[in-house]
Each structure stands twice: as structure tokens, then as C-alpha cells.
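Rule-based calculations on the coordinates, nothing more; no lab input. Since the structure is predicted, the reported quantities are computational estimates derived from the model, not experimental observations. Quick reminder, even Gly has a Cβ in these numbers, built from the backbone with ideal geometry, and neighbours come from all protein chains shown.
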Amino acid sequence: MGKLVEIAKIQSTEASNAIEGIVTTNIGIKQLVEEKTTPKNRDEEQIAGYRDVLNIIHESFDTIPITQSYILREESERL
């Protein structure tokens, strides 16, 4: 993964989860996004779920249908 993409994923994960009131340490977010650790609590599980969806978007953006039902289905599968 390119360094800029890696940084963007970490920042996006941190910001999006903070909006929801889900926080952890900067090191914790980085390790979760880079899959160097496993979630230890519900907040970290949420962060890992966001990471998984973000990875799907980055890997398959050209084939993902942009429909409300698809997005809601993906979100519900991660919770």
C-alpha cells in the first residue's frame, strides 16, 4: 500500500469513528488499520469494521454499485 494511501486510511478511520464517539489511541488506530493487532473491545471492533469497509472500497471501487441498498447491506454486515 502506498504511504499516502496508508496515511489517508488511518486519518479517515480516526475521523469517521471520532464522529461516532468511538476513539482509541493513535497507535491503536494505526495498528488496527494495518491489521497488526486484533480488536480488544467494542470500540476497536467498530474501528476494524470501518477498516474492512474502507479496504473493500479501495480494492473494488470500480465494481461497487452505488446504491443505498448495497451500502446499507455492507454496513450492517460489519456491525
Which of the peptides 22-29, 61-68, 34-41, 3-10 is most tightly packed, and how do the rest follow, going by the mean number of other Cβ atoms within 10 Å of each residue? 22-29, 3-10, 34-41, 61-68
As an exercise, take the mean of 1/r over every pair of distinct alpha carbons in the chain, invert it, and state the Kirkwood radius in angstroms. 13.0 Å
Size of electric dipole in the chain: Cβ of Lys, Arg +1 and of Asp, Glu -1, about Cα centre, debye, nearest 20: 180 debye
Farthest toward positive dipole pole in region 1-77 [+1 Lys/Arg, -1 Asp/Glu at C-beta], among 29, 47, 71: 29
Going by C-beta contacts inside 10 Å, put 50, 70 in order with the fewest on the left. 70, 50
Taking only Cα atoms, what is the 0 to 90° angle, nearest 10, from helix 42-60's long axis to the longest principal axis of the chain? 50 degrees
